[in-house]
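The structure appears below as structure tokens.
Please treat every number below as a calculation from the coordinates, not as lab data. Source: prediction; values computed, not measured. When we count neighbours, we look across all protein chains shown, and the Cβ atoms used for this are built from the backbone with ideal geometry, even at glycine.
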Amino acid sequence: MTQPFELPHFYMPYPARLNPHLDEARAHSTAWAREMGMLEGSGIWEQADLEAHDYGLLCAYTHPDCDGPALSLITDWYVWVFFFDDHFLDMFKRTQDRAAGKAHLDRLPLFMPLDPATSVPEPENPVEAGLADLWRRTVPAMSVDWRRRFSVATEHLLNESLWELSNINEGRIANPVEYIEMRRKVGGAPWSAGLVEYATAEVPAAVAGTRPLRVLTETFSDAVHLRNDLFSYQREVEDEGENSNGVLVLETFFGCTTQEAAETVNDILTSRLQQFEHTALTEVPAVALEKGLSPGEVAAVAAYAKGLQDWQSGGHEWHLRSSRYMNEGARPASPWQVPSGPGTSAADVGALLATAAAERLRAHSHVPFQKVGPSRLPDFRMPYELALSPHLDTARGHLVTWSHRTGILGEGVWDEDKLAAYDLALCSAGLDPDATPEALDLSAQWLAWGTYGDDYYPLVYGHRRDLAAARLTTARLSGCMPVEGEASVVPASAMERGLTDLWARTTAGMTPDQRRTLKAAVDTMTESWVWELSNQMQHRVPDPVDYLEMRRSTFGSDLTLSMCRVGHGPAIPPEVYRSGPVRSLENAAVDYACLLNDVFSYQKEIEYEGEIHNAVLVVQNFFGVDYPAALGVVHDLTTQRMQQFEHVVAHELPVLYEDFGLSGEARTAMDGYVLDLQNWMAGILNWHREVDRYKAEWLGRRAHGFLPDRAPGVPVPSPG
């Protein structure tokens, strides 16, 4: 069969190595698969299938340094996960039997108890038998923290298969943002990262949830999945009718040829690997120091990062050899695994090295403060009607008073002219049109505080290139939010006074758990401002995937969602909020708002602020296109995020209600939550259209207020 595209040159800076215990793992996994009922008689595999796929070779390449017993156990895990995938395909995807597929998946977590002494049900099929045996053999060597993380990754891997099944049932192809998010779960690479810990060293709990370790895992995951998408396109799309393939997703989104889509997927794959390297070299050492890791813990993190690198190289090598994938004429990875032999010139090698260097340099080559003219505003899709609170004018007056009282207008960053031009009460009036006067005041003041902080960090700390002061400020702000009676920081700045006041008024009726959730949301936002500063100081335009995900944090989305959820009380179970459809709904709404903000603020940020964190610029930089072309891509993505929101409301939430057996009260509360998100999007679009903050005339008049040579001399708070 003719391949649908020519495989591209792959960026692979680390050579693959082979574990010497390969034959032992092959023999063991074959005997184990037969014992679990996965071979002859299963209707899925025979021994010839298992030998052709050669999962022993995969694991020997991806875990080159572990001992024989560990390699055999890890290989059994991979045999199990690929058997699960093929079994689910035959039993449920081909038959499109969602109900039976869900029933099958619902039983599997029962075989992964955190306490190994807990009894489990009697397995009813090879998937259950294999999982029960593997869990029993693996968890005694690992901590409870690892067990919890690995069981969650396994459940995501299993449960998100329903998302793939639903997309096949509807003949629907995901948009790029949705695809990257869901592929991480259903593709299993976060699960693979857990087994890397088993093979190398367990990540200390103190840093396991931090951004640097999360980015290592996520960039690893994205690279693994995108590479697999390139090799498996023919089997998945042409043979199996799958819609969940990155090449197909980009082919559809950009309306380009399969070859062009494949090259773009490879560009994103390269960018993700380079993001991994950047994070490992810059952010991981900083967080290790910040968390006070011991030398042994630092060594464990380093061993884990090296294990992820080994997996990338070994996984690529296996794809070149496995009969499971299209790999005819596959070219060597670059830049280090360069072609050799007859017909290969030094110029070919030099071209590969130059390309890799240029790709890395491109992220640092943007020239700031370029004149770009007024922001171009396309027609945004908005299917929801705007409603405004009748208390708007009162909230405007109260916001001015509050801003003076806290000192926000007295530090040289904002004045009354800016506050009026930003009209944040208008935004609140659209976000929550039914709010009481008190609730509207609180909402407008939170928006003012967050917007002020977002302006303050780059203007003050960015100008001074003082990352340490920014981190100190961030730590002190966290101290302004006591959860259970602990002492609060004594406010020493406008941001601290504002947050102390807002925290006390907002959390007065909250439980400690609700306060913890809200505090984490504020911390996520303020820490993301430090991430932006770090990029600014390195003059580094972020990778598109990293940007879109961090944009949610810099926009304060967790804060918005947290307060919105509290407003709907306990009627909605927490597991509903954690479900895939609800997270997809929220992320679609948040991304819509973030992206339209980037479109409106393009001139303000690029021309007047020298900013690099803007989706239009990120697209320009990554794809090497001009402003209008990049704007078209961002606008298309904005439209697709809105369509994704509409899709979840129409098709996924009704199924979710049935899956969870939600009561009438819970369904009504969820409908109210959806309405809140609809008002949020309509209100934000209206606010961007109406306020002066992004308009060329106002920006020209206030230009000097943005230039770094006019940055205010705001005192940095001292510790204490």
**Complete:** Computed on Cα atoms, the radius of gyration and Dmax of the range 19-331 in angstrom are 19.0, 55
**Fill in**
One finds, for Asp23 and Ser119 with R0 = 41 angstrom and r their Cβ-Cβ distance, a FRET efficiency to the nearest 0.05 of 0.70
**Asked** Using alpha carbon centroids, what distance separates the range 371-447 and the range 656-671, in Å?
**Response** 33 Å
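Which order do peptides 584-594, 539-549 fall in by mean Cβ count within 10 Å, highest first?
Listed from highest to lowest mean packing, they are 584-594, 539-549.
Going through the cross-link list Lys418/Lys519; Lys519/Lys604; Lys519/Lys695, which pairs have a Cα-Cα distance over 32 Å in this structure?
Working: Lys418/Lys519 28 Å; Lys519/Lys604 30 Å; Lys519/Lys695 34 Å.
With Cα atoms farther than 32 Å apart: Lys519/Lys695.
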**Prompt:** What is the magnitude of the charge dipole of the chain about its Cα centre, with +1 placed on the Cβ of each Lys and Arg, -1 on the Cβ of each Asp and Glu, and no other charges, expressed in debye to the nearest 20?
**Reply:** 1760 debye
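Based solely on its DSSP helices, what 222 nm [θ] is calculated for the chain when runs of n ≥ 4 H residues each add -39,500 (n - 2.57) and the sum is averaged over all residues, nearest 500 deg cm²/dmol?
On the way: 33 runs with 452 residues, N = 720.
Mean residue ellipticity, 222 nm, calculated: -20000 deg cm²/dmol.
Quick one: compute a quarter of the convex hull surface over the Cα atoms of the range 172-221 and quote it in nm². Mind dumping the intermediate values first?
Details: hull surface 15.3 nm².
Mean projected area of the Cα convex hull: 3.8 nm².
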**Request:** For the range 19-331, build the charge dipole from Cβ charges (+1 Lys, Arg; -1 Asp, Glu) around the Cα centre, then report which of Val81, Val237, Thr95 sits farthest towards its positive end.
**Result:** Val81
**Per DSSP, loop trypsin sites (Lys or Arg not before Pro) in the range 64-112 with at most 15 further Cβ within 10 Å** = Arg94
**Complete:** Note: the range 27-76 at 10 °C, 1.306 mPa s; Kirkwood Rh on alpha carbon pairs; Stokes-Einstein D in µm²/s works out to 141 µm²/s
**Prompt:** Roughly how big is the range 19-331's charge dipole about its Cα centre, with Cβ charges of +1 (Lys, Arg) and -1 (Asp, Glu), in debye to the nearest 20?
**Reply:** 720 debye
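What is the percent of Cα-Cα separations in the chain that go past 49 Å? Display every interim value, and only then the final one.
Values: 41991 of 258840 pairs.
In whole percent, the share of Cα-Cα pairs in the chain beyond 49 Å is 16.
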**Prompt:** Using all Cα-Cα distances in the range 172-281, what percent lands in each 5 angstrom bin from 0 up to the longest?
**Reply:** 2, 12, 20, 24, 17, 11, 8, 5, 1, 0
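Under the classification rounded if a/c is under 1.5, otherwise prolate if a/b is larger than b/c and oblate if not, where does the range 574-685 fall, given a ≥ b ≥ c as square roots of the Cα gyration tensor eigenvalues? Before the final figure, lay out the partial values.
Working: a/c = 3.23, a/b = 2.53, b/c = 1.28.
Here the range 574-685 falls in the prolate category.
So for the chain, averaging the separation of alpha carbon pairs under 8 Å that are six or more residues apart and normalising by length, what relative contact order in percent results?
Numbers: 915 pairs, mean separation 105.7, N = 720.
In percent, rounded to a whole number, it is 15.
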**Request:** Please work out the ratio of the alpha-carbon Rg of the range 108-151 to 2.2 N^0.38 Å and round it to two decimals.
**Result:** 1.07
